Structures are given as structure tokens and as C-alpha cells.
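Okay, structure first, notes after.
The values are calculated or read from the model by the stated rules, or taken from the named source; none is laboratory data. Computed from a prediction, not measured in an experiment: that's the story for all the values here. Virtual Cβ from ideal backbone geometry, glycine too; neighbours counted across all protein chains shown. Remember, those area values only see protein heavy atoms, side chains included, never the ligands or the DNA or RNA. Shrake-Rupley method; radii C 1.70, N 1.55, O 1.52, S 1.80 Å.
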Amino acid sequence: MTLARDKFHDECGVFAIHGHPEAANLTYLGLYALQHRGQESAGLATSDGREIHCYKSMGHVSDIFTPGVIGSLPGELAIGHTRYSTAGDTALLNAQPFSVACNKGQVAVAHNGNITNAAELRRELESEGSIFQANSDTEVILHLVARSRERTLAGALREALLQLEGAFSLVFLARDRIIVARDPHGFRPLALGEMELSDGRVAHVFASETCAFDLINAVYLNDVEPGEMVSAGPEGMTRERYAPEQARSQCVFEHVYFARPDSIVFGRAVQESRENLGRFLAQEAPAHADVVVPVPDSGVAAAIGYSAESGIPFRQALIRNHYVGRTFIEPSQAIRDFGVKLKLNPVRHLLDGKRVVLVDDSIVRGTTSRKIVRMVRSAGAREVHVRISCPPTISPCFYGVDTPSHNELIAANNSVEEIRRFIEADSLAYLSLDSLRRAVGDDQGHYCNACYTGDYPTELVQMEELVAAKSRRR
């Protein structure tokens, strides 16, 4: 049995709206707010009550959805998706939403997460004659729905969801309704909100993060619960639990890095969590220094917390270029650490002669951290003390976050002292797991910390990792 990590799974954002005359336009705005969750492709599907219209393309949301495109997507129901592939190809055929016509009518689906038994399900479906157009695990969901003998779409989707393992927050569009669902562990977020229309009607809205609600003036109500399916249709909104309650395993990395700081994720303000990370880091790993400098943008909130707790002044001494694409023309004459210089530039007068605490959210391979430390030193820093606002990342994620294999994770193969020497810092310290849990308010063990512990919350991943660990020891 092979995990679907070798297939496509996505760090991405999803959005859905039911009952609004400007559904396509509001979905476009929702995806714009969720662009940080995926920059490689985006798609939008709408229903006008008779048929589903779908448009998707490679690139950024603002480039894809021109006024002409939005105008070609009529209806009061819409779902959208912005994608960053975490394995393999970035071809358009894997862009979402996926839309098909089947025995349940015309349907479209978009998904955030990683279905860990997708490869097994796909082999089973193909042996029964199913034909796949893409190599995304999301397409498996549509085939399971089409194969179901349940008469209603909700029944077919319920049956399909019960066959899935792993992480999924999905939005499903039919001719007359939106159906959304989260996996029973609740790995990935999915918020629920509403908008009051001028005629007194209420539109129901769903999004990966609440920052999408803020942009369109929707009111955040609560989250779609783990194991819950919510349907918004002509009869209004209905909520049901499709699967028994399981141990909650919300992804802590959403609060450490992935979500936008102005969002509420898993019912908690992300900015508050990140400032707590920095405060607890300052308590655990103080440094004799002159300035606290974040690695932008993900290190900013933790650096604010570190500065507030330690009393060391906060300085934005690394400036990020927000307009760097994935492709650029590198000069033929080699420039040392060109890629990092393209994205970050030091403010020399803030660093020259200073002892610097450099705060970042994580170290993955270590190569980028080493380049940033060198950059800060070359700008005149006397000392560079690196502080990381989470524990060492020692295990890959199988639930929808792009992390490399064990062999590529520097903390899986080196001590903290060895990592310090590699990144050329004067000192290096990580936040403890206990403080991470305190920072996000996890007093009931509701967060998944597998990337820091190797303790995976689902059996399939545990089995695969055990086999892989034995193989690595040979």
C-alpha cells in the first residue's frame, strides 16, 4: 500500500458561496484573499440553476479572472480554488475545480488536503473501468460519487467521504446546491459565514480562512466541524455529521506559518498564536542582542512577540520583494546567493555593528537560512542569533503541507549544534513542543504535531512510516 504523497496533493485554498447574485465576483475576491495558499493555478465554477460553468488556468487569481471571464460565469452558486501543487507536475489538467457530468447530474469539486489512500482507491476504480483525466487525488472523490448507488447527491457524497482517509476540506457544487465537508480529524480548516442581501435573503459562505470573509463583508459564524457535512440549497442550510467523531488533529502549521495572520483558523486568531510563539521563545531562548529582526513575512508576528517579551527593539531590517515570480532571468555571471538576494534585501544601517536576533518560523533544508545569515553578516552584523518559533521539523507531512522527505529535512538528520554550524549562526534555538502547544491554546491535544514528533494520527501513515523507517536503518 502506497501513500498518495507520491501523487498530487495540495497546499491550497477553497471558497464557496450559495445564494448571491454576484457569486462569481465574490468567489474571485475570496480567492484573491486566499492567494497565499496557492499561486500556481486557480479555478472557479458556478451554477445558474441549469448547468455548471467552469473556468481555470495557470497563474495568479488577478491575472486569470478578468472582467470578461467573470461575466461568463453566471449564477448564484459558486466554488473556487487556488492551488500550489506539493508533488510533481503543475499542469493545467490538475487545476481545480474538477467538473464532470455523471449519473448524479453535473457536479464540480475542489479540495484542500491530501487523501492518503487515494492511490489505493484509484487502482480499485481503474480496475472497474473508471478513466482518470488527471493525477490529482481530488478526482478520486468524483469517481466515488459517480459510482455510488445512492439516489441523492448528498447520499452519494456521504458514501464517498466514508471511504476516504487523510486530510480533506472540500467544497462541492451541484446544479442547485453547495455541499461542503471536513475530514473526521479536522486537519485542514474550513470556516462558515453568511452575508445579508439587500432583499433580506442570506447568502451562505465557506472559506479556508476568515480573511476571505473580511474582504467581502461576510460575517464569520463558526467552523464546519470535523466529520461534518453542510449543505446549502433551496431549502436553506442543513448540517449533519457523516462520520463518527475521531481524535481531533488540526494542523498546527496553519498557526505557525501557513495561514494569514489576520485570519481566524480553527476558531483562534492566528496573529495571537504567532505573537505567543515569539514570547515563549524569548522566555526559553534569550539572547544578548541589540535588535530583533524577522525573516519576512512569516517571522514578523513571532519577532514582535520576542521583542515585546525580551525588551530588545524590533527592527524590520530585512525587506522582502513581493513581486518575485517563480521564474526570473538569472545573470550569466554568478552572483552568490542570487535567489535569496532577489527576495530579501538588508537595511544596512539597522544591522551594521549590531548583535542580531533573527526570528523565523522554521528551518527545512537549512540552505536558505544559511544564505540569510550570510546576508545579515555581510550587512555588518557582529553576531547573528537564530531563533525558530517552532520545534525542529523532523518528519514529512502527509496531510496536505509540502514538506520534503526525511533525507532532505536537516533536523531529521542533524543535531541543533550541527544545524547551527551549517547555517553559520552564532547561536540557534527552537521553541519547545510544550510551548508550541501553549501558544496555540492546545490544552486538549486537538492539534497535529506529526511534523515535529513523527507521531502520525492516522493508522495508514503510521504503518507506511514504520516501513520507511526500517528501510532507512538498513
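Among the residues of region 259-304, those identified as under 24 Å from Gly13 (Cα atoms), of a type in the set (D, E, K, R) and assigned to a loop (DSSP other than H, G, I, E, B) are Arg260, Asp262, Asp297.
The residue of region 172-218 that is farthest from the chain's Cα centre (by Cα), among those that are within 17 Å of Leu77 (Cα to Cα) and of a type in the set (Val, Ile, Thr), is Val202.
Among the residues of region 20-44, which ones are open to solvent by 10 Å² or more (accessible area, probe 1.4 Å) and either over 15 Å from Tyr84 (Cα atoms) or not in a loop (DSSP other than H, G, I, E, B) (or both)?
Restricting attention to region 20-44, the residues satisfying the condition of being open to solvent by 10 Å² or more (accessible area, probe 1.4 Å) are 20-22, 25-26, 28-29, 32, 35-36, 39-40.
Once the filter is applied, which keeps residues that are open to solvent by 10 Å² or more (accessible area, probe 1.4 Å) and either over 15 Å from Tyr84 (Cα atoms) or not in a loop (DSSP other than H, G, I, E, B) (or both), region 20-44 yields His20, Pro21, Glu22, Asn25, Leu26, Tyr28, Leu29, Tyr32, Gln35, His36.
As for region 263-280, it holds at least one residue that is under 18 Å from the mean Cα position of the chain (by Cα), open to solvent by 50 Å² or more (accessible area, probe 1.4 Å), within 30 Å of Glu76 (Cα to Cα) and not basic (Lys, Arg). Look at region 423-441: where a residue is over 15 Å from Cys451 (Cβ atoms) and in contact (Cβ under 8 Å) with a residue 40 or more places away in the chain and a partner is β-branched (Val, Ile, Thr) and surrounded by fewer than 17 Cβ atoms within 10 Å (Cβ to Cβ), sitting 6+ places away or on another chain with Cβ atoms under 9 Å, you get Ile423/Thr367; Leu428/Val416; Ala429/Val416.
Here are Asp48, Asp63: which of them is open to solvent by 60 Å² or more (accessible area, probe 1.4 Å), over 21 Å from Thr138 (Cα atoms) and not polar (S, T, N, Q)?
Values: Asp48 fails: open to solvent by 60 Å² or more (accessible area, probe 1.4 Å).
Residue meeting the stated conditions: Asp63.
Report yes if Gly186 is surrounded by fewer than 18 Cβ atoms within 10 Å (Cβ to Cβ), assigned to a loop (DSSP other than H, G, I, E, B) and not charged (D, E, K, R), otherwise no. Spelling it out, it is not the case that Gly186 is surrounded by fewer than 18 Cβ atoms within 10 Å (Cβ to Cβ), assigned to a loop (DSSP other than H, G, I, E, B) and not charged (D, E, K, R).
Here are Gly105, Gly166, Gly113: which of them is open to solvent by less than 40 Å² (accessible area, probe 1.4 Å), over 23 Å from the mean Cα position of the chain (by Cα) and at positive phi?
Numbers: Gly166 fails: over 23 Å from the mean Cα position of the chain (by Cα); Gly113 fails: over 23 Å from the mean Cα position of the chain (by Cα).
On inspection, the qualifying residue turns out to be Gly105.
Of all the residues that make up region 189-201, how many are open to solvent by 10 Å² or more (accessible area, probe 1.4 Å) and either in contact with a Leu (Cβ under 9 Å, 6 or more places away or on another chain) or on the phi > 0 side of the Ramachandran plot (or both)? Going through region 189-201 one residue at a time, the tally reaches 3. For region 446-471, the candidate set comprises residues that are loosely packed, with under 12 Cβ neighbours inside 10 Å and either of a type in the set (D, E, K, R) or at pLDDT 80 or above (or both); within that set, the residue that is nearest to Asn413 (Cα to Cα) is Lys470. Condition (residue is at negative phi, in contact (Cβ under 8 Å) with a residue 60 or more places away in the chain and within 19 Å of the chain's Cα centre (by Cα)) applied to region 221-234: is it met by at least one residue? So far as region 221-234 goes, no, none of its residues is at negative phi, in contact (Cβ under 8 Å) with a residue 60 or more places away in the chain and within 19 Å of the chain's Cα centre (by Cα). Among the residues in region 82-89, are any among the basic types (Lys, Arg) and assigned to a strand (DSSP E or B)? Yes, some residue in region 82-89 is among the basic types (Lys, Arg) and assigned to a strand (DSSP E or B). Restricting region 233-247 to residues that are charged (D, E, K, R) and part of a loop (DSSP other than H, G, I, E, B), the residue that is nearest to Asn222 (Cα to Cα) is Glu245. Of the numbered criteria (1) within 27 Å of the chain's Cα centre (by Cα); (2) charged (D, E, K, R); (3) surrounded by fewer than 20 Cβ atoms within 10 Å (Cβ to Cβ), the one Glu383 fails is (1).
Quick check: anything in region 405-418 under 30 Å from Leu170 (Cβ atoms), at pLDDT below 90 and not in a helix (DSSP H, G or I)? Yes, there is a match, as at least one residue in region 405-418 is under 30 Å from Leu170 (Cβ atoms), at pLDDT below 90 and not in a helix (DSSP H, G or I).
Starting from residues that are of a type in the set (Val, Ile, Thr) and surrounded by fewer than 11 Cβ atoms within 10 Å (Cβ to Cβ), keep the ones in region 296-334 and report whichever is modelled with the lowest pLDDT.
So in region 296-334, the residues of a type in the set (Val, Ile, Thr) come out as 300, 304, 312, 319, 324, 327, 329.
Filter once more, so that each one left must be surrounded by fewer than 11 Cβ atoms within 10 Å (Cβ to Cβ): 327, 329.
Numbers: Thr327: 47, Ile329: 55.
Residue satisfying both the conditions and the ranking: Thr327.
When each of Glu159, Glu139 is tested for being under 30 Å from Tyr257 (Cα atoms) and among the acidic types (Asp, Glu), the lone residue that passes is Glu139.
One line per residue, one yes/no per condition, for (1) modelled with pLDDT under 95; (2) surrounded by fewer than 22 Cβ atoms within 10 Å (Cβ to Cβ):
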position	(1), (2)
Asp214	no, yes
Asn217	no, yes
Ala232	no, no
Gln246	yes, yes
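Comparison of Val219, Val256, Val252 shows that the only residue that is among the β-branched types (Val, Ile, Thr) and within 16 Å of Ser169 (Cα to Cα) is Val252. Among residues of region 116-144 that are touching a residue at least 24 places away in the same chain (Cβ under 8 Å) and among the small types (Gly, Ala, Ser), those with a beta-carbon under 9 Å from a residue that is open to solvent by 40 Å² or more (accessible area, probe 1.4 Å) and not in a helix (DSSP H, G or I) at least six positions away or on a different chain give the pairs Ala118/Lys7; Ala118/Glu165; Ala119/Met1; Ala119/Thr2; Ala119/Lys7; Ser136/Lys7. Scanning region 346-360 for residues that are buried (at least 21 other Cβ atoms within 10 Å of the Cβ), outside any loop (DSSP other than H, G, I, E, B) and touching a residue at least 40 places away in the same chain (Cβ under 8 Å) turns up Leu351, Val356, Val357, Leu358, Val359, Asp360. Only residues that are out of contact with any strand residue (DSSP E or B) (no Cβ under 6 Å at 6 or more places or on another chain), assigned to a helix (DSSP H, G or I) and either open to solvent by 30 Å² or more (accessible area, probe 1.4 Å) or under 24 Å from Ala247 (Cα atoms) (or both) were counted across region 122-153, and they come to 7. Restricting Ile335, Ile363 to those that are over 23 Å from Glu418 (Cβ atoms), outside any helix (DSSP H, G or I) and of a type in the set (Val, Ile, Thr) reduces the list to Ile335.
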